[in-house]
Amino acid sequence: MFIGRKEEIKELSALLGEIGKAGMIYGKRKIGKTTLIREALQYSDKTNVYYECIKGSMQENIDGLTAELVHCGVVPGGVRFESMADMFRFLNTLPGLFNIVIDEYPYLKSMTDGKTVDSMFQTIIDNRLKNCNLLLSGSHIRIMRDLLKENNALYGRFQCIFQLKDLSYHTTAAFYPEKSAYAKIAHYAVFGGSPYVNLFLSPENDLRENILHTILNINSPVFLYASHLLMSDFTSTLQAERIFSVIGNGSKRYSEIESKLCIEKTGALNKQLTPLIEMEQIRRTLPINRENDNKKATYELSDNLLRFYYTYVYKQKSALEMLGAAAFYDAYVEPTITEFISRRFEEICRDYFSLLARAGRLKGVRNIGRYYYDDSKNKKNGEFDVVLEYFDGYDVYEAKFLQKPMDLTMQHHEAGQIREIRDFAVRSIGFISANGFAETEEGYNYLDGNALYQLD
């Protein structure tokens, strides 16, 4: 089942419809790169050759790609090439047209000088694509992004560049289309937008059953995905996992993480966080009104499934194995799962407005995010989590993931807190309630869970 990525398919198919072009696709593991490539190749009338690199020598990978060329009937058996350049030089002598896909390109650089590999492919792209298109793909985001830097030999060589990210909450809902908006929000908050993960969910099961059969099933591919994601990309896996565990469910300030990890304040934590941020495993965000105030920066896990795993499972694996999934869920997950989803719901609400803005349906909006306030008069500070900035002020929304409709008492309380903040130019106040509203009142903006899925 192929869901979403319509624009990517359109652009990639257009590239593959030409000749002599090079493209690049990258994104974290299990994000759908290979599936996207294979889907686009279906629309091409050229001979398609797909090869996934191994963690081996350059010659081993040359031999592996050669074997795939033989399998596709492009070259005869028994042919052996000494270099990638020789291979593409030979392909240029053939009468056919080819799409050559080299997946996990960073593995080519694992046992060879990386600059030499990039330089070799620069020569191939510049001189050896007379009857070929070339796609390079990879999961190591940092290494793939290096190819786009001005000091890299491959800089400016790609006609088409895609970074695949998780599907949006709106697109992901297609994996469980019959569920209520409340249930869709809950599933996305736990499982995120990875197509790979969502294919293991049963649309008929409720949230508890899907959690039991996947992330709490130690034999499930979803459990293995969450528990092993860091191992292949980080040399200091243990420290990365400790950082993930500290951040867990919710955002944390730098000083909080430093304190919980018992790291001396020497900048060591920053060195450990930087590769995790570059790999987009961790996200660093700032309030929209304090974008230059590093003290207000917070760190959170980018992947919803990893948030769940490091919040509930990582430190309690032995209890999971001892109790079994059902009893573990009741003891460790059930008491706080609504709070867990609530934190993710705020992000879904921000994404909703972002999708509207990108579709041209929010005129005049300048930024979307969190707003930090420091009310010295009332001796309190905090953040409003869903705020839209305009030239003349802010639209503020309170987002609530409640098991029942939001009543007027709660609305008045939340609105009162917003109005208390001095020097805060509020244009309007609104509420987003996953389960709707018991009552509404003039003067407020209202969005229920269903509205979040009605973007068309």
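The values are calculated or read from the model by the stated rules, or taken from the named source; none is laboratory data. Remember, it's a predicted structure, so these values are computed and weren't measured experimentally. Glycine gets a Cβ as well: all are built from the backbone with ideal geometry, and neighbour counts include every protein chain shown.
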Quiz item: Conditions: (1) out of contact with any Leu (no Cβ under 8 Å at 6 or more places or on another chain); (2) in contact (Cβ under 8 Å) with a residue 60 or more places away in the chain; (3) not small (G, A, S). C349 meets all but one. Number of the miss?
Solution: (1)
Quiz prompt | Every residue from the stretch 185-212 that is touching a residue at least 12 places away in the same chain (Cβ under 8 Å) and over 24 Å from L164 (Cα atoms) | solution = P203, D206, L207, R208, N210, I211, L212
Quiz item: Looking at the stretch 166-184, is at least one residue touching a residue at least 12 places away in the same chain (Cβ under 8 Å), outside the structural domain of K317 (by TED's automatic domain parsing), farther than 18 Å from K33 by Cβ and part of a loop (DSSP other than H, G, I, E, B)?
Solution: no
Quiz item: Looking at (1) over 21 Å from T285 (Cβ atoms); (2) buried (at least 16 other Cβ atoms within 10 Å of the Cβ); (3) touching a Leu at 6+ places or on another chain (Cβ under 9 Å), can you tell me which one A359 breaks?
Solution: (2)
Quiz item: Looking at (1) in contact with a Cys (Cβ under 8 Å, 6 or more places away or on another chain); (2) hydrophobic (A, V, I, L, M, F, W, C); (3) assigned to a helix (DSSP H, G or I), which is the only condition L69 fails?
Solution: (1)
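Would you mind stating whether G436 is within 30 Å of the chain's Cα centre (by Cα) and not hydrophobic (A, V, I, L, M, F, W, C)?
The answer is yes for G436.
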Quiz prompt | Tally of residues being at pLDDT 95 or above and either among the β-branched types (V, I, T) or not assigned by TED's automatic domain parsing to the domain that holds D113 (or both) across the stretch 125-146 | solution = 1
Quiz item: Which residue pairs have Cβ atoms closer than 6 Å, lie 6 or more positions apart in sequence or on different chains, and pair a first residue in the stretch 16-36 that is outside any loop (DSSP other than H, G, I, E, B) with a second residue that is among the polar types (S, T, N, Q)?
Solution: L16/S44; L16/N99; L16/N133; I25/S137; Y26/Q163; K33/S137
Practice problem: Looking only at the stretch 360-368, decide whether some residue is farther than 20 Å from D448 by Cβ and part of a strand (DSSP E or B). | Solution: yes
Quiz item: How many residues does the stretch 385-423 contain that are farther than 20 Å from A357 by Cα, modelled with pLDDT of 90 or more and not hydroxyl-bearing (S, T, Y)?
Solution: 19
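Hey, does the stretch 50-57 have a residue that's free of Cβ contacts under 8 Å to residues at least 24 places away in the same chain and not charged (D, E, K, R)? Please lay out each step first, then the result.
Quick first cut of the stretch 50-57, residues free of Cβ contacts under 8 Å to residues at least 24 places away in the same chain only: none.
Among the residues of the stretch 50-57, not one is free of Cβ contacts under 8 Å to residues at least 24 places away in the same chain and not charged (D, E, K, R), which makes the answer no.
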Quiz item: Considering the stretch 266-277 alone, what residues qualify as being exposed (fewer than 15 other Cβ atoms within 10 Å of the Cβ) and either of a type outside the set (V, I, T) or assigned by TED's automatic domain parsing to the domain that holds G382 (or both)?
Solution: G267, A268, N270, K271
Practice problem: Just name the residue that is surrounded by the fewest Cβ atoms within 10 Å (Cβ to Cβ) out of those in the stretch 37-66 that are polar (S, T, N, Q) and part of a helix (DSSP H, G or I). | Solution: Q59
Quiz item: Can you name every residue in the stretch 174-200 that is of a type in the set (A, V, I, L, M), closer than 26 Å to K404 by Cβ and either buried (at least 22 other Cβ atoms within 10 Å of the Cβ) or under 13 Å from the mean Cα position of the chain (by Cα) (or both)?
Solution: I185, A186, A189, V190
Quiz item: Restricting attention to the stretch 405-456, which residues are among the aromatic types (F, W, Y) and either part of a loop (DSSP other than H, G, I, E, B) or under 21 Å from R361 (Cα atoms) (or both)?
Solution: F424, F431, Y444, Y446, Y453
Quiz item: Pick from V75, V79: which is surrounded by fewer than 16 Cβ atoms within 10 Å (Cβ to Cβ), assigned by TED's automatic domain parsing to the domain that holds N127 and part of a loop (DSSP other than H, G, I, E, B)?
Solution: V79
Exercise. Determine the pairs where a residue that is closer than 15 Å to A240 by Cβ, located within the stretch 305-321, has a partner that is among the β-branched types (V, I, T) and surrounded by fewer than 21 Cβ atoms within 10 Å (Cβ to Cβ) with Cβ atoms under 9 Å apart, the partner being 6 or more residues away or on another chain.
Key: Y310/V246
Practice problem: Taking only the stretch 428-456 into account, find how many residues are modelled with pLDDT of 95 or more and under 17 Å from C349 (Cβ atoms). | Solution: 20
